[in-house]
1. Which whole-number value in Å² is the accessible area per residue of the range 1-66, probe 1.4 Å?
2. Leaving out ligands and nucleic acids, note down the accessible area per residue over the range 121-230 with a 1.4 angstrom probe, in whole Å².
3. Which one of S140, H20, G68 has its Cα pushed farthest toward the positive end of the charge dipole of the chain, where Lys and Arg give +1 and Asp and Glu give -1 at the Cβ?
4. Determine the dipole magnitude for the chain: charges of +1 sit on the beta-carbon of Lys and Arg, -1 on that of Asp and Glu, nothing else is charged, the reference point is the Cα centre, and the result goes in debye to the nearest 20.
5. Quick one: order D41, D224 from most to least accessible surface, probe 1.4 Å.
6. GNM on the chain, C-alpha springs below 10 Å: top fluctuator among S165, S56, S126?
7. Most fluctuating residue of E172, E92, E189 in a GNM of the chain with Cα springs under 10 Å: which is it?
8. Which residue fluctuates the most in the chain, going by a Gaussian network model with Cα springs under 10 Å, if the choices are P210, P163, P82?
Amino acid sequence: MIRVILTDIEGTTSSISFVHDVLFPYSAAHMADFVRDAEADSTEVREQLDAVAQASGVARDDIEGLIGVLETWIREDRKETPLKTLQGMLWEQGYQQGAFRGHVYEDAAEYLQRWHDRGLRLFVYSSGSVKAQKLIFGFSEAGDLTPFFSGYFDTRVGGKKDPQSYSNILDELGVEPQTVLFLSDVEAELKAAESAGLRTVWLVREGDLPETDRAVARDFADVDRFLLQR
């Protein structure tokens, strides 16, 4: 029986276009000023710049060089943890200032509450930082959805296409793999999760449905029908 739902964000609970057309451009436009303004006063920003310097080989005291690395990583959509952490901090500023609201599909918002009320434990696993995950749900167009979640995972547990990442999540949750359902729009992530023993549903919200033996859903209502069959 499924007792835990682990969900991706982009293309699953939220539109890919929101991340790529709203959040990424915002971070690209504001990252340089954010780093320059916060570097002197924020220990957390300095720690992330330390990590950027270590990963890139750019001298730590070359702030403009480090900004250049971050801007390149944004353009390349790199899954670098210090970039994701800094983006989360920057996006928090944008959410709080009302620059945007987090996009969550109506069906996702509805069924996240239903599943929570039904006693299922809900978790997020995304390449975006935990901070960014909490922000998209906390400042969503549907209101604050964070009370429905029991926890969040990001790339600190490993990459989403690596089966070991899902084993790491299982270890943290302390549950049997067959009791966990993972939702994602990326087949390679589903394969990795299945390698660790998790159940999966492939979210295909647009376009033709793939020919596959894997469970496929158009929306969270379809996912719920899958749950009711288990």
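The values are calculated or read from the model by the stated rules, or taken from the named source; none is laboratory data. Please read these numbers as outputs of a predicted model, since none were measured by experiment. Positions of Cβ are backbone-derived with ideal geometry, glycine not excepted, and every protein chain shown enters the neighbour counts. Quick note on the areas: whole protein, heavy atoms, side chains included, nothing else; ligands and nucleic acids left out. Shrake-Rupley method; radii C 1.70, N 1.55, O 1.52, S 1.80 Å.
1. 47
2. 46
3. S140
4. 680
5. My answer, sorted largest first, is D41, D224.
6. Sorting by GNM fluctuation, first place goes to S56.
7. Looking only at E172, E92, E189, the largest GNM fluctuation is found for E172.
8. Fluctuation is largest for P210.
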